[in-house]
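See below for the structure under consideration.
The values are calculated or read from the model by the stated rules, or taken from the named source; none is laboratory data. This is a predicted model, so every value here is computed, not measured. Note: ideal-geometry Cβ built from the backbone for every residue, glycine included; neighbour counts use all protein chains shown. Side chains are part of the model used for accessible areas, which takes the heavy atoms of the whole protein and leaves out ligands, DNA and RNA. Shrake-Rupley method; radii C 1.70, N 1.55, O 1.52, S 1.80 Å.
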Amino acid sequence: MMKKKRIAILLVLTLMLWMAPMQVNASPYSAYQPYAESLSGMGVFLGSGAGFELERAPTRIEGIIMLIRLLGAENEAKARTGSTIPFRDVPAWASGYVSYAYEKGLTKGVTNTSFGSNNSMDAKAFVTFALRSLGYQDAAGDFSYQNSLNFANGLGLLDQNFYSELNGKTFVRAHVARLSYDTLKFRPKGSEALLIDTLMASGNISEKTGNLFKETVISPLAISSPTAPATAETPMTTAEIANNADSIV
């Protein structure tokens, strides 16, 4: 009898030791997974053999490609591959993306001749991209790179929890996923329609793809704690989404 109890105790201890590393290694950004999956369905946020790599810092090239996919302009950008651009550090395969973004005023270089292709992108840079895609222009004085987070927070594009996280943590691909999602569900400057609806109306994003994207609204409350499980609210209609844009983002 004692022998059986010892075996049972050993089994329990072994199971506890086996499970402990799994808990330690759990991703602190698992709550962002629904954002990545929603955008993946649109072909906007793509993973690799390693998954979505939500904990990895994005490069500037990745950031600009993400933005162009977000705007439904990837085919047009790819058609520009080989275009002449002022930056010497852009790989040939990415030249079309940078050419498109540069011409549309969505991006600048880190210098007159360097794009900073492999530099890590920070939160201010990607928020700057997002604001430009919404029609806000730093060149026109709407905001500046340095105050981009404060400006986006004031608009309601960043809620207070997410704003605090972007200010206090390294910017990673998980943040890119949520920012991109929130930008699509936000109104461009001077518009009553959401960006996703504007892109659908212009034909940049098909109605089928856009409507599928809008079917599920991810609750921002899931991100109040980075380790909290992600949840989804009851799907809203387009009108309800537009009337509640601030609460959505």
Exercise for the section: At 0.36 nm per residue, minus the direct Cα-Cα distance, what do Ser114 and Arg56 gain on full extension? Give it in nm, one decimal, please. Expected result: 18.6 nm
Handout entry: Ranked packing of 106-119, 162-175, most packed first, by mean Cβ within 10 Å
Key = 162-175, 106-119
Problem - In nm, spacing of pseudo-spin labels at Thr170 and Ala193 (7 Å Cα→C-beta vector) - result: 4.1
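Just to verify a number: FRET efficiency for Lys104 and Ser40, C-beta to C-beta distance, R0 = 22 Å, to 0.05? Intermediate results must be reported in sequence, preceding the final value.
Working: r = 24 Å, r/R0 = 1.11.
With R0 = 22 Å, the Cβ-Cβ based efficiency is 0.35.
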Problem - Neighbour net charge for Glu74 - beta-carbon separation under 14 angstrom, K R +1, D E -1 - result: +2
Completion exercise
Counting Lys and Arg as +1 and Asp and Glu as -1 over every other residue whose Cβ sits under 15 Å from the Cβ of Val98, the net charge comes to +3
Exercise for the section: Please give the contour-minus-distance gain from Trp93 to Gln137: 0.36 nm per residue of separation, less the Cα-Cα distance, rounded to one decimal in nm. Expected result: 13.1 nm
Problem - Inter-site label distance for Ala201 and Ser83 at 7 Å from Cα along Cβ, in nm - result: 2.5
Problem - FRET efficiency, Lys208 to Tyr145 (Cβ-Cβ, R0 45 Å, nearest 0.05) - result: 0.80
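Roughly to the nearest percent, how much of the accessible area of segment 62-169 is carbon and sulfur, given a 1.4 Å probe?
On the way: 2200 of 4820 Å².
After summing per-atom areas, the C and S share lands at 46 percent.
With a 1.4 Å probe and all protein chains kept in place, how do Lys214, Lys124 rank by accessible area, largest first? Present the calculation step by step, with values, prior to reporting the outcome.
On the way: Lys214 15, Lys124 60 Å².
Largest accessible area first, the list is Lys124, Lys214.
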